[in-house]
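Some notes on the structure that comes next.
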Amino acid sequence: MEQTARGAWTSRTGFILAASGSAIGLGNIWRFPYVTGMQGGAAFVAVYLGCVLAIGIPVLIAELTLGRHTALNPVGAIRAITKSRYWPLVGYLGVITGAAILSYYAVIAGWTVGYIFRTIAHSSSTFGAFVADPAIEIGNFALFLLLTAGVVIGGVERGIERWSKILMPMLFLILLGLIAFALTLDGASKGVEFYLKPDFSKITGSTVLAALGQAFFSLSLGMGAMITYGSYISKQENLAISAASVALADTLIAVLAGLVVFPALFSVGQEPTQGPSLVFNILPRIFEMMPGGTIVGVFFFILLAIAALTSTVSLLEVPVAFLVDQKKWSRKKAVAIVTLIVFVIGLPSALSQGSVPALSSIEWFGGRDFLGIMDFIFGNLSLTFGGLLLAILVGWVWGTRNAAEELALGAGPRFAALIPGWSFMLRFVCPLIIAAVLLNLTGIF
Ligand code: PFF
């Protein structure tokens, strides 16, 4: 396998694991259950699965193809396929979005680290009290950013790939164990029903936006993370299979997380609509009730922290790859400066969970906290908008005919037959649906 100065994944499984590591994270275990709860359960899950299949997978293939073809970061990749002055802005949007998502994602990742110790100590304070302590919030947040920076300095094959290899199978197994336990709890079946028996009358425009945004967030799409990861894949790999494997692993982990959370939630009588605190309130309850729960809980939060780390690494990698490729900065300098900027813009998120009242309930945003607003703007809107532009860029500007040549490398004739279907989805279905969902938000329909 070729090894370039830029670095490359050392094998197909290496790439699939690293990309799955980016995809699988807090999005699956923290965000998916709470958004599902707020959006009414099973009907949302159905729309979500539809979004992954119809939009997520085609856009994922598009990002990987563009990345591998150009072997560059999002800005460089777009410059390589079009002379336009405007399209590279989509790459810049990705670079900014990466830093912005990292700034609050690392705050939540810090909570998972805190919960490792809270579980060991059998802490009795509430989640609300825990996150309202400014010193702990900032400390955990800073620690997590430093860990992320350390891994990213290591570069792709030493840093990112190695971590991902161990994690996914373990996370999968522990979730299966937790599901087996959660399903035995009294009243669990009500949770299963909420989660799996759809009432389609509950679907509104905002459900679809939430589902689409969640699909982009969970698959790490819409900001060029997968362009960047694709840029390290060898030409011998089959991109369609890689994309399908990543999407399958990511979706499976999210669906399993829901099967842990909702049975337990209904069993103990907590509200599904409580929002971002959901899993931090319910998981400790599960560990309390479970035989050997302390050990399982500690192990679970360690795995969750590592899952978050393989995602924060990909968030940081986007601006870093941009500065290294385009601005010729050294990797160390790029990591140091971006990490510092992210720390500063993350402070309001860290302080928005009760420590600073003005940040914790922002009136002109429906009383949401700063972290929630960042998640809505960058974790949902910006990724969805970026996904729309990337679908148009690869589908129409670069053109699926050019993209298909890249996609065919390493794919074999059997897969060539699927390319027209992918092209149709990317050029027509993806832009139309995403545009409709975004326009609906502006109230035009
Ligand atoms: N996909 C990650 C998760 O589900 O936790 C979050 C994420 C990583 C989003 C990288 C976007 C991204 F580019």
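The values are calculated or read from the model by the stated rules, or taken from the named source; none is laboratory data. Values in this document were obtained by computation on a predicted structure and should not be read as measured data. No Cβ is skipped: glycine too gets one built from the backbone with ideal geometry, and neighbour counts run over all protein chains shown. These area figures cover heavy atoms from the full protein model, side chains too; ligands, DNA and RNA do not enter into them. Shrake-Rupley method; radii C 1.70, N 1.55, O 1.52, S 1.80 Å.
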Return the residue satisfying two criteria in turn: it lies in segment 214-243 and is small (Gly, Ala, Ser) and either out of contact with any helix residue (DSSP H, G or I) (no Cβ under 7 Å at 6 or more places or on another chain) or not in a helix (DSSP H, G or I) (or both), and of such residues it is nearest to the ligand (Cβ to nearest atom). 220
Being under 13 Å from residue 227 (Cα atoms), among the polar types (S, T, N, Q) and away from the ligand (no atom under 15 Å from the Cβ) is the filter here, so list the residues in segment 51-104 that pass it. 65, 70
On the basis of being hydrophobic (A, V, I, L, M, F, W, C), within 16 Å of the ligand (Cβ to nearest atom) and open to solvent by 40 Å² or more (accessible area, probe 1.4 Å), does residue 248 make the cut? yes
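Among the candidates 139, 128, 150, 76, which residue alone is among the small types (Gly, Ala, Ser), surrounded by fewer than 21 Cβ atoms within 10 Å (Cβ to Cβ) and at pLDDT below 95?
On the way: 139 fails: at pLDDT below 95; 128 fails: at pLDDT below 95; 76 fails: at pLDDT below 95.
After applying the criteria, what remains is 150.
Can residue 313 be described as crowded, with 23+ Cβ neighbours inside 10 Å, more than 17 Å from residue 220 (Cβ to Cβ) and within 13 Å of the ligand (Cβ to nearest atom)? Please lay out each step first, then the result.
Numbers: crowded, with 23+ Cβ neighbours inside 10 Å: yes; more than 17 Å from residue 220 (Cβ to Cβ): no; within 13 Å of the ligand (Cβ to nearest atom): yes.
When the stated conditions are applied, residue 313 does not pass them.
Kindly indicate which of 216, 200, 181 is touching a residue at least 60 places away in the same chain (Cβ under 8 Å) and open to solvent by 60 Å² or more (accessible area, probe 1.4 Å).
Exactly one residue qualifies, and that residue is 200.
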Among 432, 426, which is at pLDDT 95 or above, crowded, with 20+ Cβ neighbours inside 10 Å and assigned to a helix (DSSP H, G or I)? 426
If I filter segment 8-19 down to residues being surrounded by fewer than 24 Cβ atoms within 10 Å (Cβ to Cβ) and in a helix (DSSP H, G or I), which single residue comes out as nearest to the ligand (Cβ to nearest atom)? 16
Filter segment 288-304 for residues that are touching a residue at least 12 places away in the same chain (Cβ under 8 Å) and open to solvent by 10 Å² or more (accessible area, probe 1.4 Å) and give the result. 289, 290, 294, 296, 298, 299, 302
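Only residues that are part of a helix (DSSP H, G or I) and hydroxyl-bearing (Ser, Thr, Tyr): list them for segment 303-360, please. Working first, answer last.
First pass over segment 303-360, keeping only residues part of a helix (DSSP H, G or I): 303-326, 331-350, 357-360.
Across segment 303-360, the qualifying residues are 310, 311, 312, 314, 339, 349, 360.
Hey, could you check segment 351-394 for residues that are among the β-branched types (Val, Ile, Thr) and open to solvent by less than 40 Å² (accessible area, probe 1.4 Å) and say which is nearest to the ligand (Cβ to nearest atom)?
Step one: list which residues in segment 351-394 are among the β-branched types (Val, Ile, Thr), which gives 356, 362, 373, 377, 384, 392, 394.
Filter once more, keeping what is open to solvent by less than 40 Å² (accessible area, probe 1.4 Å): 362, 373, 384, 394.
Working: 362: 23, 373: 17, 384: 12, 394: 17 Å.
Looking at the filtered set, the residue picked out is 384.
For (1) among the small types (Gly, Ala, Ser); (2) farther than 29 Å from residue 73 by Cβ, each residue gets a yes or a no:
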residue	(1), (2)
223	no, no
228	no, no
231	yes, no
269	yes, yes
281	no, yes
290	no, yes
